There are 2 protein chains.
Amino acid sequence: MTINERIKELRALMKENNIDVYFVPSADNHQSEYTGSYFCTRAFITGFTGSAGTAIITQTDAGLWTDGRYFIQAEAQLKDSEIKLYKMGNPGVPTVNEYLEQVLTPGSTLGFDGRVVSMSEGIHFANKFSGKNIKIQDKLDLIDSIWKDRPPMSEAPVFLLEEKYSGESTASKLERVRNFMKENGSSVHLLITLDDIAWLLNLRGRDVMFTPVFLAYAAVTMEQVHLFINESKISSEIKTVLDNDGIVLHPYNDVYSFTENLAASEVVLLDSTRLNFALYNRIPQAVKVVDKMNPSVLYKAMKNEIEAENIRKAHVKDAVAHTKFMYWIKNNYDKEVITELSASAKLESLRAEQENFLWPSFGAISAFGAHAAMCHYSSSEETNCQLMPGTFYLSDTGGNYWEGSTDITRTVALGEVSSELKMHFTNVLRGNLALANAKFLYGCTGQNLDILARQYLWNANLDYNHGTGHGVGYLLSIHEAPCRIRWQQGFETIPLSHGMVLSNEPGIYIENSHGIRLENELLVRKAAKNEYGQFMEFEVITYVPFDLDAIEPTLMRDDEKELLNNYHKLVFDTVSPYLTSEETEWLKQYTRAI
Amino acid sequence: MTINERIKELRALMKENNIDVYFVPSADNHQSEYTGSYFCTRAFITGFTGSAGTAIITQTDAGLWTDGRYFIQAEAQLKDSEIKLYKMGNPGVPTVNEYLEQVLTPGSTLGFDGRVVSMSEGIHFANKFSGKNIKIQDKLDLIDSIWKDRPPMSEAPVFLLEEKYSGESTASKLERVRNFMKENGSSVHLLITLDDIAWLLNLRGRDVMFTPVFLAYAAVTMEQVHLFINESKISSEIKTVLDNDGIVLHPYNDVYSFTENLAASEVVLLDSTRLNFALYNRIPQAVKVVDKMNPSVLYKAMKNEIEAENIRKAHVKDAVAHTKFMYWIKNNYDKEVITELSASAKLESLRAEQENFLWPSFGAISAFGAHAAMCHYSSSEETNCQLMPGTFYLSDTGGNYWEGSTDITRTVALGEVSSELKMHFTNVLRGNLALANAKFLYGCTGQNLDILARQYLWNANLDYNHGTGHGVGYLLSIHEAPCRIRWQQGFETIPLSHGMVLSNEPGIYIENSHGIRLENELLVRKAAKNEYGQFMEFEVITYVPFDLDAIEPTLMRDDEKELLNNYHKLVFDTVSPYLTSEETEWLKQYTRAI
């Protein structure tokens, strides 16, 4: 069936259901960052397979909205269909909201599947269109009837995360959540975000690419946890564990009827930025709602001491694999054919040799030369190319281990590179070092610190168009809320707190030339406490050298060289015990003091 | 009449008026930072004369709330009265709001003069007590009947600020405000903040200590400006000017009846953080309200090019006076008796010698040794002391000139000081230099930049408990909204924009020992614009040396020494033409490269 045929069928269904405008976002029922193939309805109806995009279909028009990362790909994938590409951010291009306002005339009806729309977006629609005689029909997954060979939802089994890894029992976590519920006068806590549920129950799964979570909804009460999940995923062993914690199983979709039947006396704790619109709409009018950030968001962001110690171990293993990779690539790229894809495979195989490695924590970025200037480049058979001397190779990769998830970016020089490339590399490195060595008072957020990473680029009228850092989950989301390092406003602003893990990844991207990103992970620690308050600092937990071949030492101050030399000494001491003698010799050379 | 007698009279009036709890804040009708003596009702009823404090009186209790700056002074001033001191911020001390919740039992009435309570605080009270059968009576200035010799409101004449100083006509300013009103669908703009009114009308006055403003309210419509002011302040010359701009005069207090009589079709633009509760309450229920930051707040913060050029001139004059002062003090403190008060008088007299000097822009801080550890120290006959060798002297002062207002702090070493003092001084200076030389993308606020000023102190587990910078008005408020440099959240966050003037004043305060603050003013300028955005930078517009006797050069990096040397070269080149040959020789020595 061609895309145009699919759209034709959709339009017939829209007519049947009195829908004038049908809206298809890129989401699953759980507001996940990565989604399973079952949820790729937008890709099915448009043919565009990029991770971010929104489709809107009317009887006369069909449009796809996506951002600059995907313009080229979307153009190619849409060219044989009637779908018009709306290049988000380009001058004169209406936003999704502006377009909806144009096409939704009084008396018309907007339709969508409310499970894949966030509560806040749904409410935004409802508020916007309420006074204009525009109806919203949010219970229609029209794509489902057209998509004959729709992949089933994942049936992967759930597995336990033992307390030696999680550092805290489910009972203890539930107690904390219930105390928070009491403090906020609530009796039921609705939770649909998969990482919150996995953290709370010390369970993991494999229903989503990379992120070790499982499809489920939860409703926490003072006595029980109602877990809505396909029961075939739960082994009898796990069932016993859950029983002991008062966790009751229900079919996956029953969360909607459960919510509809909440007694009027209940008070529901929910997070409007992390609930879907459909579930919100099922809450009876009489039930009071308390809208707060899910308490587990903050609890899981602040890793306990057992998790922290595990994460350090994961990073040592990751560093061994990555150092071997750097040694291999720098010594062999000019002796054998190494491509972006083969390099990426090599790094994954080195990680796989490490104990307790599970699978990659996200899709690898393996980018040579100008490819690295595209921040979110993903190499494919079409774009794959051989590594050659005279420029940089960038790899942004990570692993899921039982001891936690890693995320690291290194950029290495292949042969001699130009002084401009070295200047860019050195200034990115200086920013990375400045941020990693910051000391600050408790209460600071990433907003306060971001400038430390950018200052040397900004001084040279340069910048990178992405955040400096994101939170990292423990065998969970590689981009974990709520902490981040960004200078812009408009994000959740949570103080950087003891136990949080964040990335530190300044970069620079020169179109058609080169891209640089240097990413370590930081563990937030308490430092001195005195009359001024609680001081905080970072522990760097990534142990991989920054390529000295790419550095121009004359651009670094003495104090910066000292920071780099100290870091490189830590790298050598940490990693060398696990290397061959050749690799050790190489590492000694590449961690020498400058 | 003793304080206790005043309170007794107040209680009788409270009974007469059925008031159970009477609330007296420290404010005028215009939410001003500094107030005229007419408005010192809280000082009258308590005897406490500090600038910040709140009194609450019931039939059985009388309390005063003030902050750490004033504990000692308040204790002394309250000791002969029945008033209890509530030390704000101390453990176990209820806040004003907590106390009100305790004493306001169901059925009781809270009374105050709504003109001296902000709209947002009044609404906060109303919301908090509405469900609890507690009444609010906001039209009672009970102090007025007790205060027999209450000073009259200031009758000082209003004067014109010519366009060669303001850089923009009233007509042009009104056009901008009216365009903003149109964009926000409003027909009347209520304005009570004195600096907004003075800026808009290119008028100044002297009704408030230091700040060159006049008591008035304004209501801007599309055709007219209704100016509510005591007409005796307006000369016939100014009256003609006002007529030409469509400005209609009304008696000062008529703004309340004017507001009561607004037609239901009007839409009022107001700023809930900058209106008083009484005026808000007079707006008829049927009138729609648009709550936005007064547009003039941002307009006046962004100085135009004529204002900027004037401000530079004011700072040159200020620097001449201040450099002469430094020369004098460092050469004479050990030859003659110089005290905090005489030093302060000397500096004021040197400023007064400058052309177009009007009066000080705020109350001088002149603090020797340990006195400087109190951030807001104000020397008096009781505390005044002689300047002696071996420690620091700090002066934080400023002037109002026709060309703008200045604010500068210098700390100077008297004789040889200890290495600890030099270390503190040097790290404060390094922070000042780092902030002044920041480059950043447009969109950054002071929150993003504050860490640059604090980083060297934070690295040493030190801090200063005040903001790094505040906006500075043009012959208006010395602390001007909305821009500021603070790391904490919870303030208006406005991007630092071309034309804004901010202070840069890191410090350090060691109780019973010494205090250091180094304050320059910064003018925000556009720098390069490219594919990354609009870069911004600061122009330092204070031209006074940092005392080289207080610096430990070995603590400074080479790049920091270069910044200091460049600044000192600018200081010498700017100021030396206006000095005597002895002063010039001295300045050459004190601006030498290190």
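Looking at the structure I just gave you, is A:Gly399 within 30 Å of A:Asp195 (Cβ to Cβ) and within 14 Å of chain B (Cβ to nearest Cβ)?
no
Here is a yes/no grid of residues against (1) modelled with pLDDT under 95; (2) open to solvent by 60 Å² or more (accessible area, probe 1.4 Å):
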| residue | (1), (2) |
| --- | --- |
| A:Gly50 | yes, no |
| A:Thr54 | no, no |
| A:Thr58 | no, no |
| A:Leu64 | no, no |
| A:Asp80 | yes, yes |
| A:Leu85 | no, no |
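What tally of residues in the range B:336-359 results from selecting those that are touching a residue at least 24 places away in the same chain (Cβ under 8 Å) and not in a helix (DSSP H, G or I)?
10
Scan the range B:235-250 and report the pairs whose first residue is open to solvent by 40 Å² or more (accessible area, probe 1.4 Å) and whose second residue is part of a helix (DSSP H, G or I) and modelled with pLDDT of 95 or more, with Cβ atoms within less than 6 Å and a gap of 6+ or a chain change.
B:Asp245/B:Thr170; B:Asp245/B:Ala171
Condition (residue is part of a loop (DSSP other than H, G, I, E, B), open to solvent by less than 20 Å² (accessible area, probe 1.4 Å), within 13 Å of chain A (Cβ to nearest Cβ) and within 30 Å of B:Gly369 (Cβ to Cβ)) applied to the range B:549-557: is it met by at least one residue? Talk me through it step by step, then tell me what you get.
Residues of the range B:549-557 part of a loop (DSSP other than H, G, I, E, B): B:551-552, B:556-557.
This time we only want the ones that are open to solvent by less than 20 Å² (accessible area, probe 1.4 Å), so: B:551, B:556.
If we keep only those that are within 13 Å of chain A (Cβ to nearest Cβ) as well, we get B:556.
Next, from what is left, pick out any that are within 30 Å of B:Gly369 (Cβ to Cβ): B:556.
Within the range B:549-557 (the criterion being part of a loop (DSSP other than H, G, I, E, B), open to solvent by less than 20 Å² (accessible area, probe 1.4 Å), within 13 Å of chain A (Cβ to nearest Cβ) and within 30 Å of B:Gly369 (Cβ to Cβ)), the answer is yes, since at least one residue qualifies.
Of all residues in the range B:378-412, which are hydrophobic (A, V, I, L, M, F, W, C) and within 15 Å of B:Gly507 (Cα to Cα)?
Once the filter is applied, which keeps residues that are hydrophobic (A, V, I, L, M, F, W, C) and within 15 Å of B:Gly507 (Cα to Cα), the range B:378-412 yields B:Phe392, B:Leu394, B:Ile408, B:Val412.
Could you tell me whether A:Ala434 is within 14 Å of chain B (Cβ to nearest Cβ) and not basic (Lys, Arg)?
Working: within 14 Å of chain B (Cβ to nearest Cβ): yes; not basic (Lys, Arg): yes.
Yes: the conditions hold for A:Ala434.
For B:Glu416, which of the numbered conditions (1) under 24 Å from B:Asp559 (Cβ atoms); (2) more than 7 Å from every other protein chain (Cβ to nearest Cβ); (3) not basic (Lys, Arg) fails to hold?
B:Glu416 satisfies every listed condition except (1).
Looking at the range A:512-531, can you tell me whether even one residue there is part of a loop (DSSP other than H, G, I, E, B), touching a residue at least 24 places away in the same chain (Cβ under 8 Å) and away from chain B (no Cβ under 14 Å)?
yes
Quick one: in the range A:34-43, which of the residues that are surrounded by fewer than 20 Cβ atoms within 10 Å (Cβ to Cβ) and of a type in the set (Phe, Trp, Tyr) is farthest from A:Leu142 (Cα to Cα)?
Checked the range A:34-43; the qualifying residue farthest from A:Leu142 (Cα to Cα) is A:Tyr34.
Would you check which residues across the range A:453-472 are at the interface with chain B (Cβ under 7 Å from one of its Cβ atoms) and crowded, with 22+ Cβ neighbours inside 10 Å and list them?
A:Trp458
Out of curiosity, is B:Lys561 out of contact with any helix residue (DSSP H, G or I) (no Cβ under 6 Å at 6 or more places or on another chain) and touching a residue at least 24 places away in the same chain (Cβ under 8 Å)?
On the way: out of contact with any helix residue (DSSP H, G or I) (no Cβ under 6 Å at 6 or more places or on another chain): yes; touching a residue at least 24 places away in the same chain (Cβ under 8 Å): yes.
For B:Lys561, the condition - out of contact with any helix residue (DSSP H, G or I) (no Cβ under 6 Å at 6 or more places or on another chain) and touching a residue at least 24 places away in the same chain (Cβ under 8 Å) - is met.
Could you pull out the residue among A:Leu457, A:Leu462 that is part of a loop (DSSP other than H, G, I, E, B) and of a type outside the set (Val, Ile, Thr)?
Just a single option satisfies the conditions, and that option is A:Leu462.
Quick grid of which residues meet (1) modelled with pLDDT under 95; (2) within 28 Å of A:Gly398 (Cα to Cα); (3) in contact with a Leu (Cβ under 9 Å, 6 or more places away or on another chain):
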| residue | (1), (2), (3) |
| --- | --- |
| A:Glu162 | no, yes, no |
| A:Gly167 | no, yes, no |
| A:Ala171 | no, no, no |
| A:Phe228 | no, no, yes |
| A:Ser236 | no, no, no |
| A:Gly246 | no, no, yes |
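If a residue counts only when it is aromatic (Phe, Trp, Tyr), which helices (runs of 4 or more DSSP H) contained entirely in the range A:244-335 have at least 3 such residues?
Numbers: elements: A:255-260, A:277-282, A:295-301, A:305-332.
Hits in the range A:244-335: A:305-332.
Checking A:His371 against (1) open to solvent by less than 30 Å² (accessible area, probe 1.4 Å); (2) part of a helix (DSSP H, G or I), only one condition comes out false. Which one?
A:His371 satisfies every listed condition except (1).
Does B:Ser503 satisfy being open to solvent by 10 Å² or more (accessible area, probe 1.4 Å), at pLDDT 95 or above and either touching a Pro at 6+ places or on another chain (Cβ under 6 Å) or not aromatic (Phe, Trp, Tyr) (or both)?
Judged against the criteria, B:Ser503 is not a match.
Yes/no per residue for (1) part of a strand (DSSP E or B); (2) open to solvent by 70 Å² or more (accessible area, probe 1.4 Å); (3) not aliphatic (A, V, I, L, M):
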residue: A:Val93; (1), (2), (3): no, no, no
residue: A:Ser120; (1), (2), (3): no, no, yes
residue: A:His124; (1), (2), (3): no, yes, yes
residue: A:Lys128; (1), (2), (3): no, no, yes
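Take the residues of the range A:488-500 that are within 14 Å of another protein chain (Cβ to nearest Cβ) and at pLDDT 95 or above: which is nearest to A:Ala372 (Cα to Cα)?
Here the answer is A:Leu496.
Considering each residue of the range A:265-322, count those that are within 19 Å of the chain's Cα centre (by Cα), β-branched (Val, Ile, Thr) and open to solvent by less than 20 Å² (accessible area, probe 1.4 Å), and give that number.
Adding up the residues that qualify gives 2.
Name the single residue that is nearest to B:Leu194 (Cα to Cα) among those in the range B:475-511 being outside any loop (DSSP other than H, G, I, E, B) and among the hydrophobic types (A, V, I, L, M, F, W, C).
B:Ala481
This table checks each residue for (1) out of contact with any strand residue (DSSP E or B) (no Cβ under 7 Å at 6 or more places or on another chain); (2) closer than 18 Å to A:Leu522 by Cβ.
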| residue | (1), (2) |
| --- | --- |
| A:Val289 | no, no |
| A:Met302 | yes, yes |
| A:Ile311 | no, yes |
| A:Lys324 | yes, no |
| A:Asn331 | yes, no |
| A:Ala345 | yes, no |
| A:Arg351 | no, no |
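Which one of these is crowded, with 20+ Cβ neighbours inside 10 Å, of a type in the set (Gly, Ala, Ser) and within 27 Å of the chain's Cα centre (by Cα): B:Ala413, B:Ala436? Walk me through how you get there before you give the answer.
Numbers: B:Ala413 fails: within 27 Å of the chain's Cα centre (by Cα).
Answer to the selection: B:Ala436.
Out of A:Ser395, A:Ser349, which single residue is within 24 Å of the chain's Cα centre (by Cα), within 20 Å of A:Asn332 (Cα to Cα), crowded, with 20+ Cβ neighbours inside 10 Å and not hydrophobic (A, V, I, L, M, F, W, C)? Outline the logic, then answer.
On the way: A:Ser349 fails: crowded, with 20+ Cβ neighbours inside 10 Å.
Going through A:Ser395, A:Ser349 in turn, just one is within 24 Å of the chain's Cα centre (by Cα), within 20 Å of A:Asn332 (Cα to Cα), crowded, with 20+ Cβ neighbours inside 10 Å and not hydrophobic (A, V, I, L, M, F, W, C): A:Ser395.
Just checking, which of B:Gly507, B:Gly533 is in contact with a Cys (Cβ under 8 Å, 6 or more places away or on another chain) and not β-branched (Val, Ile, Thr)?
B:Gly507
The values are calculated or read from the model by the stated rules, or taken from the named source; none is laboratory data. On a predicted model such as this, the values are computed, not experimentally measured, just so you know. Positions of Cβ are generated from backbone atoms using ideal geometry, with glycine treated the same way; all protein chains shown enter the neighbour counts. The protein model used for the area step is the full one, side chains on, heavy atoms only, and it has no ligands, DNA or RNA in it. Shrake-Rupley method; radii C 1.70, N 1.55, O 1.52, S 1.80 Å.
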